[in-house]
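Trainee: Structure provided below as structure tokens; questions to follow.
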Amino acid sequence: MSYLKFDKSRLVNLEYSLSREVLRSNRSGSYVSTTISGCNTRKYHGLLVCQLDELDGNKHVLLSTFDETVVQHGAEFNLGIHKYGDDYYEPKGHKYIRDFVIDRIPKTTYRVGGVILYKERLLVQEGQQVLTRYTLKEANSPTVLRFKPFLAFRNVHELSKANLYANTKYGKVPNGIKMKLYEGYPFLNMQFSKPVEFIGVPDWYNNIEYLKEKNRGYDYLEDLFVPGYFEVPIEKGESIVFSASTSEVNASALKAKFTREVNKRYPRDTFIGNLVNAGQQFFVSKGETTDLLAGFPWYGSIPRQTFVSLPALSLDLEKSDLFEAVVDTQLKSLKNGLFPSVNGQHQSAYNAIDTPLWFFWALQQYANETNNSHDIWEKYGSAMKQILNAYRNGTSYNIKMNHLGLIEGEAENVALTWMDSYVDGKPVVQRAGMPVEVNALWYNTVCFALELAQAVGDKAFVDEWEALPKQIAASFIDEFWCEEHGYLADCVNGDMKDWSVRSNMVIAAALDYSPLDREKQKQILSVAKQQLLTPRGLRTLSPRNAHYEGICAGSIANREKTLHQGTVWPWLLQFFVEGYLKIHKRGGLPFVKKIVDGFEEEMTEHCIGTIPENYNGNPPHQGKGAVSQAWSVAALIRAYKMTLNFLE
């Protein structure tokens, strides 16, 4: 019995099936993603989406879709589905779907009269190859399968249009063909596990519509090229494997390879099994570098989110070597004590005021897990000292420690914290001056560095820094705390204090080293519980605030406006859980466990088996943003493990 269950009676309902997406990466930059009906609703969807280092290093959709047709006695039953204008779908293959399950890999069951056909798909681990296995379970008459590839050959952020420049010629490879629409791209090799006939009927299919892009305010019409179709007879009980790859493969070995790849998959038969499986998808290893994607389908590497995500996605899975590999990759981009806001982009800005402090937090989780303070200081002490000195002496974007011992930063029209959405070139939430979580992290950072230095006997470092934590803690309380309010200001800039109730203060209440006493932590968590906590994470702004926005939808500008004005972010939940359990201990366990377990129903919503970037602030808290986000998944894994530790 499959853990991930879907309502069979609703699979033919497009409102149900189009809202549920599937995703798999190969851990080297490529992925496959579509909906459970097979109808692409995003420009980011595709059956083979590859990171092409030889072209530009970006992700490109090579094979968009692959339509199957069952042919019996001259009658054709097309199992594909595409959306065109005026809510017109052609063909309407979804009406033949009778079951959809995911154990280790997705499996779709089609029924056409007396024909029952299974379709199973996987992306080869660390290879630019997608494999699809078709098994004819039942058939009363001779059966032929026809396959029609829809090719894009374009960047994931763009759309293909019919043109005269595409190379529509194909070459032959064993049991298939190869094509390359444009120079600079690799060949797409389309091969089968048995001989097939290819009939060349080149044509453009125009104005295919991507519903999600239309709703998000982006261009949404695409033209896809179809070179022709494959035909192959299939017997009852027979399986045929189709391969789409950037390399020519041994066609006779495809069946065996499919079986081997299935056996590599992590079981998805529990809630935590799905989270672990989802977490593994974000890692990208190439050559001597190992990185972490912030999310699918459109994000690359974001150092801030990497450091927040990394402990739960590696250490909680007992993969300390993976943790160090990612940290080592990130440190290559450290400059003047700061990390870039985004990795891999030319001239990326070094304007993330908090990212180096999250680096310390990640190392702190590493130390807690491994008890190897000496090795951590030995390996990372130099980078840690560079960062600490940069903050103390001042670095880019006016980021510096002030006379209070606190960290401040300000740059015109630049958002320095994680709340970095923009409208008309200006930050929606500027937070200039001293952001609350930055200074809580700063206190934690200095205390943790001293802990390591004391453990290894680095007396010079201890003598230089040991007086600072006391000053930071006193200044923090003076600047951010208000007894009357009973919570922390979100940001302080001179005499200006922002008393908006935001989720950032929860981080201050949860850190290993907090400048807050137990009673203040308790009050902060109480306010957060009353005004910010939802079943899907913490709101970024209290609904009691006049600027609260509960729905993240509409135009690009409107979505940017709402992202940090009430939208719910799951990544913050781990800090609420951590702080709540520190205060209430086992007495708080039933409450937080109910919240964590409540995410189990998300496993069959939105993107199957994973957690999205954010949710609407208003009930029913619909999933928004990237369909699978690393720090969202990491937060749930970490919160889940925290509840387990209290049960043990």
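Trainee: Convert each backbone phi in segment 20-36 into a coupling constant with the Karplus relation 6.51 cos²θ - 1.76 cosθ + 1.60 (shift: θ = phi - 60°), then list the ³J(HN,Hα) values in order as whole Hz, x for Gly and Pro.
Mentor: Taking θ as phi minus 60°, the curve returns 10, 10, 10, 8, 8, 10, 10, 6, 9, x, 9, 7, 10, 7, 6, 9, 5 Hz for segment 20-36.
Trainee: Measure nothing but the geometry: give the 0 to 90° angle between the long axis through the Cα atoms of 436-456 and the longest principal axis through the Cα atoms of the chain, rounded to 10°.
Mentor: With rounding to tens, the tilt is 80 degrees.
Trainee: Based on the Cβ-Cβ distance of residue 199 and residue 56, what FRET efficiency does E = 1/(1 + (r/R0)^6) give at R0 = 35 Å, to the nearest 0.05?
Mentor: 0.55
Trainee: Next question. Can you tell me which lysines have their Cα less than 28 Å from the Cα of residue 522? Leave out same-chain residues fewer than eight positions away.
Mentor: 470, 497, 582, 585, 593, 594, 641
Trainee: Next question, about the same structure. Subtracting the Cα-Cα distance from 0.36 nm times the residue separation, let me have the gained length for residue 98 to residue 591 in nm, one decimal.
Mentor: Extra length from residue 98 to residue 591 when fully extended: 173.6 nm.
Trainee: Can you work out ³J(HN,Hα) from phi for every residue in segment 551-560, in order, using Karplus 6.51 cos²θ - 1.76 cosθ + 1.60 and θ = phi - 60°, giving whole Hz and x for Gly and Pro?
Mentor: So the Karplus estimates, Gly and Pro as x, are 10, 9, 7, x, 5, 4, 5, 5, 5, 4 Hz.
Trainee: Does anyone have the angle between helix 589-598 and the longest principal axis of the chain? Alpha-carbon axes, 0 to 90°, nearest 10?
Mentor: 30 degrees
Trainee: What is the distance, in nm, between label points placed 7 Å from the Cα along the Cα-to-Cβ direction at residue 349 and at residue 335?
Mentor: Going by the 7 Å Cα→Cβ label model, 1.5 nm.
Trainee: Right, something else. Under a plain spin-label model, where a point goes 7 Å from the Cα along Cα-to-Cβ, how far apart in nm are residue 466 and residue 400?
Mentor: 2.9 nm
Trainee: Next question, about the same structure. Expressed as an acute angle from 0 to 90° and rounded to the nearest 10, what is the orientation of the C-alpha long axis of helix 254-264 relative to the principal long axis of the chain?
Mentor: Orientation of helix 254-264: about 30 degrees from the principal axis.
Trainee: Using 18 Å as the Cα-Cα cut-off, could you pick out the over-long pairs in 5/212; 59/107; 43/161; 107/178?
Mentor: Over 18 Å Cα-Cα: 5/212; 59/107; 107/178.
Trainee: Another question about this same structure. Tell me the carbon and sulfur percent of the accessible area for the chain, rounded to whole percent, probe radius 1.4 Å.
Mentor: 47 percent
Trainee: Please calculate how many Å² of accessible area segment 518-648 carries per residue, with a 1.4 Å probe and no DNA, RNA or ligand atoms counted.
Mentor: Computed with neighbouring chains in place, this is 36 Å² per residue.
Trainee: Give the shape of segment 100-169 as rounded, prolate or oblate, defined through the alpha-carbon gyration tensor: a ≥ b ≥ c are the square roots of its eigenvalues, a/c under 1.5 means rounded, and otherwise the shape is prolate if a/b is larger than b/c and oblate if not.
Mentor: It comes out oblate by the Cα gyration axes.
Trainee: Which of rounded, prolate, oblate describes segment 560-602, given a ≥ b ≥ c as roots of the alpha-carbon gyration tensor eigenvalues and a/c under 1.5 marking rounded, otherwise prolate only if a/b is larger than b/c? Numbers along the way, then the final one.
Mentor: Values: a/c = 3.78, a/b = 1.74, b/c = 2.17.
Judged from the Cα gyration tensor, segment 560-602 comes out oblate (a/c at least 1.5, b/c at or above a/b).
Trainee: Under 20 Å between alpha carbons, and skipping anything fewer than 8 positions from residue 95 in its own chain: which aspartates and glutamates qualify?
Mentor: 7, 15, 21, 67, 68, 76, 86, 87, 120, 138, 209
Trainee: Would you mind computing, in nm to one decimal, how far apart the modelled labels at residue 263 and residue 547 are, each placed 7 Å from Cα along Cα→Cβ?
Mentor: Once both label points are built, they end up 5.8 nm from each other.
Trainee: Using the Cα atoms of segment 398-481, I'd like the radius of gyration and the largest Cα-Cα distance, Dmax, both in angstrom.
Mentor: Looking at segment 398-481, its Cα Rg and Dmax stand at 15.5, 52 Å.
Trainee: How about segment 435-522: which GluC sites (Glu not before Pro) there are in a DSSP loop, with at most 16 other Cβ atoms within 10 Å of their Cβ?
Mentor: On the way: sites: 437, 451, 464, 466, 479, 483, 484, 519; in loops: 466, 483, 484.
Passing sites in segment 435-522 are 466, 483, 484.
Trainee: Full-extension gain between residue 321 and residue 255, please, as 0.36 nm times their residue separation minus the C-alpha to C-alpha distance.
Mentor: Extra length available between residue 321 and residue 255 comes to 20.5 nm.
Trainee: Now for a different question. Which value at 222 nm does the chain reach when only helices count, each DSSP H run of 4 or more adding -39,500 (n - 2.57), with the total divided by all residues and rounded to the nearest 500 deg cm²/dmol?
Mentor: -9500 deg cm²/dmol
Trainee: Next up: Just read off the accessible area of residue 82 with the full protein assembly in place, 1.4 Å probe, to the nearest 10 Å².
Mentor: Its heavy atoms expose roughly 10 Å² to the probe.
The values are calculated or read from the model by the stated rules, or taken from the named source; none is laboratory data. No experiment lies behind these values; they were computed from the predicted model shown. Quick reminder, even Gly has a Cβ in these numbers, built from the backbone with ideal geometry, and neighbours come from all protein chains shown. Calculation scope for accessible area: heavy atoms of the full protein, side chains included, ligands and nucleic acids excluded. Shrake-Rupley method; radii C 1.70, N 1.55, O 1.52, S 1.80 Å.
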